[in-house]
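First comes the structure, then the notes that go with it.
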Amino acid sequence: MPLTAEQLPNGLTLWQDDAYFKLGQDSVLLGAFARPQSRGRVLDLGCGTGALALLLYRPGLQITGLELQAGPLALFRRSIADNGVPMAALQGDLRDIRSAFPHGSFDYCICNPPYFAAGAGKPAMGAARQAARQDGCCTVEELAAALSYALHTGGKCALVFRPERLAVLLIALQAVHLVPKRMRFVHQNASSPPSAVLVECRKGGSPEGLLVEPPLLVESAEYQRIYGK
């Protein structure tokens, strides 16, 4: 299938292929929501073609992507080379993260994980897209365990998820000492139900102090600014 080059809101170029999960609203909004510290060590778990890592990039951040599938990873590496940004793109299974990195290697993790339980959600086109949408290859619990292993105590992670499965996510995070500290729901407009939820967690610490931010509306000037319009 032909390759396409997408210009991201920050000016970087993302190489894509229709065979793999392509850039979507969730990655763009998660990239704007995440708040890694300057010069932090950042891990994009299940990075795919690298859209989220590239969206988050700014000079000083040390970003590493970990991806199981070779095809998307090759496109990410091409984007890294063409943009001339200092990132690492590694092939590996987050379920075997202990063989990829030492414990507590990262200050911040980002992830746009599979939304749906295996066999649920909208039908996917092809095995690569299905792996990106459904958690048959990686459960929420396995993802949470990988995030907790990668982060040092006090480190943070940011994810985007489906509101109707939020309880599943929070239970899995709590089990591995990842405490939600910021949350924001995404709505089409003020009268519509949420279509996504953005969550930032801290490893360790008190469960008190969760900040639920004002809703992010797709039909808003803020949304247009995130997209650089």
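The values are calculated or read from the model by the stated rules, or taken from the named source; none is laboratory data. None of these values were measured; they are calculated from a predicted model. Using ideal geometry, Cβ is built from the backbone for each residue, glycine included, and neighbour counts are taken over all protein chains shown.
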TODO: Go through (1) assigned to a strand (DSSP E or B); (2) under 22 Å from Q25 (Cα atoms); (3) touching a Ser or Thr at 6+ places or on another chain (Cβ under 8 Å) and name the single condition A88 misses.
DONE: (2)
Open item on the list: Among the residues that make up the range 142-153, is at least one of them without any contact (Cβ under 8 Å) to a residue 40 or more places away in the chain, more than 18 Å from L216 (Cα to Cα), assigned to a helix (DSSP H, G or I) and in contact with a strand residue (DSSP E or B) (Cβ under 7 Å, 6 or more places away or on another chain)?
Closed with: yes
- [ ] Give the residue, chosen from T153, T139, that is closer than 30 Å to E208 by Cα, modelled with pLDDT under 95 and not small (G, A, S).
- [x] T139
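Residue by residue, here is whether (1) not in a strand (DSSP E or B); (2) not polar (S, T, N, Q) holds:
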residue: S192; (1), (2): yes, no
residue: V197; (1), (2): no, yes
residue: R202; (1), (2): no, yes
residue: P207; (1), (2): yes, yes
residue: P214; (1), (2): yes, yes
residue: E219; (1), (2): yes, yes
residue: Y223; (1), (2): yes, yes
Task: Filter pass, L166 being at pLDDT 80 or above and either surrounded by 18 or more Cβ atoms within 10 Å (Cβ to Cβ) or closer than 21 Å to G50 by Cα (or both) - done: no
Open item on the list: Looking at the range 27-39, can you tell me whether even one residue there is at positive phi and in contact (Cβ under 8 Å) with a residue 12 or more places away in the chain?
Closed with: yes
- [ ] Determine whether the range 9-24 contains at least one residue that is out of contact with any helix residue (DSSP H, G or I) (no Cβ under 7 Å at 6 or more places or on another chain) and in a helix (DSSP H, G or I).
- [x] no
- [ ] Please state which one of L173, L217 is surrounded by 14 or more Cβ atoms within 10 Å (Cβ to Cβ), aliphatic (A, V, I, L, M) and under 17 Å from the mean Cα position of the chain (by Cα).
- [x] L173
Task: Unique match (being assigned to a loop (DSSP other than H, G, I, E, B), buried (at least 21 other Cβ atoms within 10 Å of the Cβ) and of a type in the set (G, A, S)) among G48, G31 - done: G48
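Here's the yes/no breakdown for (1) in contact with a helix residue (DSSP H, G or I) (Cβ under 7 Å, 6 or more places away or on another chain); (2) aliphatic (A, V, I, L, M):
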| residue | (1), (2) |
| --- | --- |
| R35 | no, no |
| G40 | no, no |
| I80 | no, yes |
| F106 | yes, no |
